[in-house]
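No lab work stands behind these numbers, since they all come straight from the coordinates. Every value quoted in this text rests on a predicted model; they were computed, and no experiment measured them. Cβ atoms come from the backbone with ideal geometry, glycine included; neighbour counts cover every protein chain shown.
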Amino acid sequence: MTTDKAILEQVRSAPLFAGLTDEQLKCIEPGEVIDLPAGTALISEGDKYTYFLVMLTGELRLSRIYDRQEILMGVIKPGMFTGEITLLLDVAWLVSARVGKAARIFRIGQDDFWRMLSTCHSVARQIFQSAANKMRNVEGYSQQREKLASLGTMAAGLAHELNNPAAAAHRAAAHLRETTDKAQTLLCQLSKVLTHEQWQQLAFAAQDATERLSRAPALDHLERSDRADKIATWLQARNVAASWDLAPTFVSADVDIPWLEELAGKLPAESHADALAWLESRLNLKLLLSQIEQSTGRIAELVKAVKSYSYMDQSPMQEVDIHDGLESTLTMLGHKLKNVTLRRAYDRSIPRLMAYGSELNQVWTNLIDNAIDAVNGTGKICVGTCQEDNQLVVEIVDNGPGIPPDVQAHMFEPFYTTKPVGSGTGLGLIISNRIVAERHGGEIEFESKPGETRFKVRLPIQRKP
């Protein structure tokens, strides 16, 4: 370090070094003082910058990218220090550092940092205390971001899944209004030409067609199209307006030309067009109501899945069926599973479990979402359950490229991530492991090779008191 006495005294005035004796000052002699203008980008997130920094003057602003958004994590002001976590854990910088105000910084390299810790115990004690506090704060913040990311995944999936049935119900409701008006108009016109007996024949035919609709067999596209063409041609020959629009409804009700011929023979010729159009309207009303019921039923299922996922209106610790949580998680991630071949291998005989259901769902979300990323949204994923001895086992397997051996060694290290900067907190597995191990007395294990990665979550069925 420069021998300038004024600078030495400035470094010594920092609270971290204030208690050092003249003899102990030798532990910081290898360091150096640097001056940086405002705006200097000193460190980028993910850099291996192997220096411990003590601010003498000015300001250093620390930020981190989350979901393409820069978040200010803290401001290092005169007397404060930073960099100890990266050196103690031997990891890349978790944040970016930019000079806010022109700064004078004392810095010391990695090897000299460790020598300083071993010889200056008062300095080491402050650094370890600070590191512990910062780790708690950063991890707590990142854990909240992880929960928000899980919530965001759920919300995105829910919005996507809700959109289709909601739009279908909206379209059906609009069409229902039009069809109801049309049926009423046709009813008024028919009342002028049909006798009481003819009305009865039409009513009997409508009832029979409705019953046929409820038990109509499923048809493939080609057969359905062929039948619709024949009926449309028959209707067109009898001057029925929009015959090509009406024909598909009769096909859905399993009504064929002989059936229509029989009905037409019981009604006056001048009523055929209106009578057949009214019959189609009545059948269409049933179909539209069925569509609305299916759509609203799907929406109700999704709401139920959300409540199951979050365990709304229920106590945190309760007896749960692990399959309910897995299924609600799969529902929430449904939009990301569209092109994934998903297989379930559930052992439905396994017992229920006393657990924190919503926390376990966060584990399932993290592991399944990782599996989706591993197969790039297009491969195969298997979710299974079984019982081994006194443990309930949840297994998530994907056929992705596998986890490289050098990455496997760091899987459960805090802040370790292989995702691009801003795409992951590096705490997903840490948080999942903490939920499983500390909250439920279980464990997470994994094995991986090219073409198969297998995560197993083991949960004790009966916790030891």
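Things to note:
- Under a 5 Å amide H cut-off, with hydrogens placed 1.01 Å from N, residue 102 pairs with 38 among residues at least 5 apart or on other chains.
- Phi angles of segment 222-236 translate, via the Karplus equation with coefficients 6.51, -1.76, 1.60 and θ = phi - 60°, into HN-Hα couplings of 5, 5, 4, 5, 5, 5, 4, 4, 5, 5, 4, 5, 4, 5, 4 Hz per residue; Gly and Pro are given as x.
- Segments 224-230, 326-332, 54-60 sorted - mean Cβ within 10 Å per residue, highest first: 326-332, 54-60, 224-230
- 5 angstrom amide H check on residue 73, placed H, neighbours 5+ away: 62, 63, 64
- Residue-wise HN-Hα couplings along segment 378-384, as the Karplus relation 6.51 cos²θ - 1.76 cosθ + 1.60 with θ = phi - 60° gives them from phi, are 9, x, 10, 9, 10, 10, x Hz; Gly and Pro carry x.
- Estimated vicinal HN-Hα couplings, Hz - segment 323-337 in sequence order (Karplus 6.51, -1.76, 1.60; Gly, Pro = x): 5, 4, x, 5, 5, 5, 5, 4, 5, 4, 9, x, 5, 8, 9
- Separation between Cα centres of segment 168-238 and segment 271-300, rounded to whole Å: 8
- Ordering 171-184, 188-201 by mean Cβ neighbour count within 10 Å, with the highest value first, yields 171-184, 188-201.
- Using the average count of surrounding beta-carbon atoms within 10 Å as a protection proxy, the listed peptides 355-366, 6-17, 206-217 rank, highest first, as 355-366, 6-17, 206-217.
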